[in-house]
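Have a look at the structure below, then the notes.
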Amino acid sequence: MKKTETNKQREYLPTLADLIDSLTINQIKEIKFHDKKISYAKELKKICHDIDLIIDEKKVKINSKLIRIIIIIAQLNIYIWENKDRMQKEDGENYLKLLKHAHQLNGIRNSMKNKILEEIGDKDPSKKRTNVETDGLEGWDISVE
């Protein structure tokens, strides 16, 4: 665990963007997998703890752009999840098309995570996601300005 400037301990070390992404994924799991709801609720609480610490430490100001980016990440994660469920039922050409689509959507998701870092003023280039390729992906032009 890492101690922050405020002497509080974080549960995890990822960036705020990665924690938000993890929050949305675990929220999906809590809803989808009722038999493990308690486990996911505990995980969500830890993630929220760290998000709150970062928001306090970095004095992050919540604005409509940041909220919108978070919503986009949540929606992308649901769509990626559903796409991967479809992949399990396919093979051959259809499987490869769905796999490519999942990678392209991950590119958009990573772009949104980079936008969170920009929005909170985190200029550390080592934290930026580089796998943001979406070649050939049509109809997924997302405006966040």
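Readers should treat all values here as calculations from the given coordinates under stated rules, not as data from a laboratory. The model shown is predicted, which means the values in this text are computed figures rather than measured ones. Virtual Cβ from ideal backbone geometry, glycine too; neighbours counted across all protein chains shown.
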Using a Förster distance of 22 Å, the FRET efficiency for His49-Asp124 (Cβ separation, nearest 0.05) = 0.50
Enter the Cα centre distance for the pair the stretch 15-34 and the stretch 52-124, rounded to the nearest angstrom.
-> 11 Å
Length added when fully stretched, Lys32-Tyr95, from 0.36 nm per residue minus Cα-Cα | 20.4 nm
If you take the beta carbon distance between Asp135 and Gln88 as r and set R0 to 30 Å, what does 1/(1 + (r/R0)^6) give as a FRET efficiency, to the nearest 0.05?
-> 0.75
Apply 1/(1 + (r/R0)^6) to the Cβ-Cβ distance of Glu145 and Asp56, taking R0 = 22 Å, and write down the FRET efficiency to the nearest 0.05.
-> 0.20
Folded to 0 to 90 degrees: helix 92-119 orientation relative to the chain principal axis, Cα | 20 degrees
Based on the alpha-carbon gyration tensor of the stretch 1-114, what equivalent-ellipsoid semi-axes (square roots of 5 times the eigenvalues) come out, in whole Å, largest first?
-> 30, 17, 12
